[in-house]
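Structure, as structure tokens:
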Amino acid sequence: MKVTATAIPDVLLIEPTVYQDARGFLFESFNQKRFDEAVGRNVVFVQDNHSCSRKHVLRGLHYQIRRPQGKLVRVVTGEVLDVAVDLRRSSPTFSKFITGVLSADNCKQLWVPAGFAHGFFVLSEAADVLYKVTDYYSPDDERCLLWSDPAIGIPWPAVGEPVLSAKDRAGLPLSQAEVFA
């Protein structure tokens with residue numbers, strides 16, 4: 001497993017060792033001991049989520065304010081542009097974001113710690129995204145950061161208007177959003 005810090009050091013790109021031959025491939029998608037060593041602490045995951053989305057769907061930018069979730073994200077079918085935005089006001093990277101392409105082909109995973117908004121844009125015809133989370137879903141704590149906020153400036157693919165849920169369309173700009181201390 002190769003672990004690379006991103007431009008926001010707390011967000012990590014994780015690349016498993018993939019064993020491939022004429023039959024196909026095998027890789028260890030999660031190992032608690034190795035993951036804890038990579039992030040430098042014991043992380044407990046309590047829930048696994050699976051979303052399936054079609055081309056040009058944008059999900060996000062989601063976070064939970066009082067019950068923040070760390071997320072380990074990977075794609076098992078298709079390809080997405082994955083995004084994490086630092087919402088920790090005390091962080092030197094507050095309001096900064098990272099992007100990366102996660103796909104079934106590259107097997108990369110992204111560790112997005114608690115305190116970040118997270119979202120993705122589907123680049124392929126469809127994509128299945130799996131993510132492990134560190135706290136349970138809490139509808140009362142759910143918040144949505146406006147995906148197109150110019151104050152953040154995420155360079156989403158230029159495809160016109162993405163396919164959005166009503167919740168994501170109503171996301172708040174950073175200037176109005178609840179953030180972490």
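The values are calculated or read from the model by the stated rules, or taken from the named source; none is laboratory data. Bear in mind that the values here come from a model prediction, so they are computed numbers and not experimental data. FYI the Cβ positions are ideal-geometry reconstructions off the backbone, even for glycines, and counts take in every protein chain you see.
Give the residue, chosen from 3, 18, 39, that is farther than 17 Å from residue 107 by Cα and β-branched (Val, Ile, Thr).
Answer to the selection: 39.
For residue 158, work out the one condition from (1) hydrophobic (A, V, I, L, M, F, W, C); (2) touching a residue at least 40 places away in the same chain (Cβ under 8 Å); (3) part of a loop (DSSP other than H, G, I, E, B); (4) surrounded by fewer than 22 Cβ atoms within 10 Å (Cβ to Cβ) it doesn't fulfil.
(2)
Confirm whether residue 74 is more than 19 Å from residue 168 (Cα to Cα), assigned to a loop (DSSP other than H, G, I, E, B) and in contact (Cβ under 8 Å) with a residue 12 or more places away in the chain.
Numbers: more than 19 Å from residue 168 (Cα to Cα): yes; assigned to a loop (DSSP other than H, G, I, E, B): no; in contact (Cβ under 8 Å) with a residue 12 or more places away in the chain: yes.
In short, no.
Of the residues that sit in region 113-132 and are among the aliphatic types (A, V, I, L, M) and surrounded by 21 or more Cβ atoms within 10 Å (Cβ to Cβ), which one is farthest from residue 6 (Cα to Cα)? Step through it out loud before you land on a result.
Of region 113-132, the ones among the aliphatic types (A, V, I, L, M) are 114, 117, 122-123, 126-127, 129-130.
Cutting the leftovers down to surrounded by 21 or more Cβ atoms within 10 Å (Cβ to Cβ) gives us 117, 122, 127, 129.
Values: 117: 16, 122: 21, 127: 23, 129: 20 Å.
Only one residue fits best here, namely 127.
In region 77-130, what residues are closer than 15 Å to residue 61 by Cβ, hydroxyl-bearing (Ser, Thr, Tyr) and assigned to a loop (DSSP other than H, G, I, E, B)?
95
Mind telling me which of the residues 172, 146, 130, 164 ends up being within 15 Å of residue 69 (Cα to Cα), touching a residue at least 24 places away in the same chain (Cβ under 8 Å) and of a type in the set (A, V, I, L, M, F, W, C)?
Working: 172 fails: within 15 Å of residue 69 (Cα to Cα); 146 fails: within 15 Å of residue 69 (Cα to Cα); 164 fails: within 15 Å of residue 69 (Cα to Cα).
Testing whether each residue is within 15 Å of residue 69 (Cα to Cα), touching a residue at least 24 places away in the same chain (Cβ under 8 Å) and of a type in the set (A, V, I, L, M, F, W, C) leaves just 130.
Just checking, does region 31-44 include any residue being in contact with a Pro (Cβ under 7 Å, 6 or more places away or on another chain) and small (Gly, Ala, Ser)?
First, pick out the residues of region 31-44 that are in contact with a Pro (Cβ under 7 Å, 6 or more places away or on another chain): none.
So far as region 31-44 goes, no, none of its residues is in contact with a Pro (Cβ under 7 Å, 6 or more places away or on another chain) and small (Gly, Ala, Ser).
For residues in region 45-70 being in a loop (DSSP other than H, G, I, E, B) and within 17 Å of the chain's Cα centre (by Cα), which is surrounded by the fewest Cβ atoms within 10 Å (Cβ to Cβ)? Break it down stepwise before answering.
Taking region 45-70 and keeping what is in a loop (DSSP other than H, G, I, E, B), we get 45-46, 55-56, 65-70.
So of that shortlist, the ones also within 17 Å of the chain's Cα centre (by Cα) come out as 45-46, 56, 65, 67-70.
On the way: 45: 17, 46: 11, 56: 16, 65: 15, 67: 14, 68: 20, 69: 27, 70: 21.
Step by step, filter region 45-70, then rank; the result is 46.
Going by the conditions given, is residue 105 crowded, with 19+ Cβ neighbours inside 10 Å, at pLDDT 95 or above, among the charged types (D, E, K, R) and within 22 Å of residue 29 (Cα to Cα)?
Values: crowded, with 19+ Cβ neighbours inside 10 Å: no; at pLDDT 95 or above: yes; among the charged types (D, E, K, R): yes; within 22 Å of residue 29 (Cα to Cα): yes.
So residue 105 does not fit the description; no.
Determine whether residue 16 is modelled with pLDDT under 95 and surrounded by 15 or more Cβ atoms within 10 Å (Cβ to Cβ). Break it down stepwise before answering.
On the way: modelled with pLDDT under 95: yes; surrounded by 15 or more Cβ atoms within 10 Å (Cβ to Cβ): yes.
Yes, satisfied.
Of the conditions (1) loosely packed, with under 14 Cβ neighbours inside 10 Å; (2) closer than 27 Å to residue 93 by Cα; (3) in contact (Cβ under 8 Å) with a residue 12 or more places away in the chain; (4) under 16 Å from the mean Cα position of the chain (by Cα), residue 5 clears all except one; give me its number.
That leaves (3) as the condition not met.
Given the condition over 18 Å from residue 129 (Cα atoms) and hydroxyl-bearing (Ser, Thr, Tyr), answer yes or no: does some residue in region 84-92 qualify?
If we filter region 84-92 for residues that are over 18 Å from residue 129 (Cα atoms), which is where we start, we get 85-92.
With hydroxyl-bearing (Ser, Thr, Tyr) added as a condition, the list becomes 90-91.
Yes, because at least one residue in region 84-92 is over 18 Å from residue 129 (Cα atoms) and hydroxyl-bearing (Ser, Thr, Tyr).
Just the residues that are of a type in the set (Gly, Ala, Ser), more than 17 Å from residue 38 (Cβ to Cβ) and within 10 Å of the chain's Cα centre (by Cα), please, taken from region 81-139.
Of all residues in region 81-139, those of a type in the set (Gly, Ala, Ser) come to 84, 90-91, 95, 100, 103-104, 114-115, 117, 119, 124, 126-127, 138.
Right, trim to more than 17 Å from residue 38 (Cβ to Cβ) and you get 90-91, 95, 103-104, 115, 117, 119, 124, 126-127, 138.
Correct list: 117, 119.
Can you name the residue in region 31-44 that is of a type in the set (S, T, N, Q) and free of Cβ contacts under 8 Å to residues at least 24 places away in the same chain and, of all such residues, is surrounded by the most Cβ atoms within 10 Å (Cβ to Cβ)? Full working, then the answer.
First, pick out the residues of region 31-44 that are of a type in the set (S, T, N, Q): 31-32, 42.
If we keep only those that are free of Cβ contacts under 8 Å to residues at least 24 places away in the same chain too, we end up with 32, 42.
Values: 32: 11, 42: 9.
Here the residue is 32.
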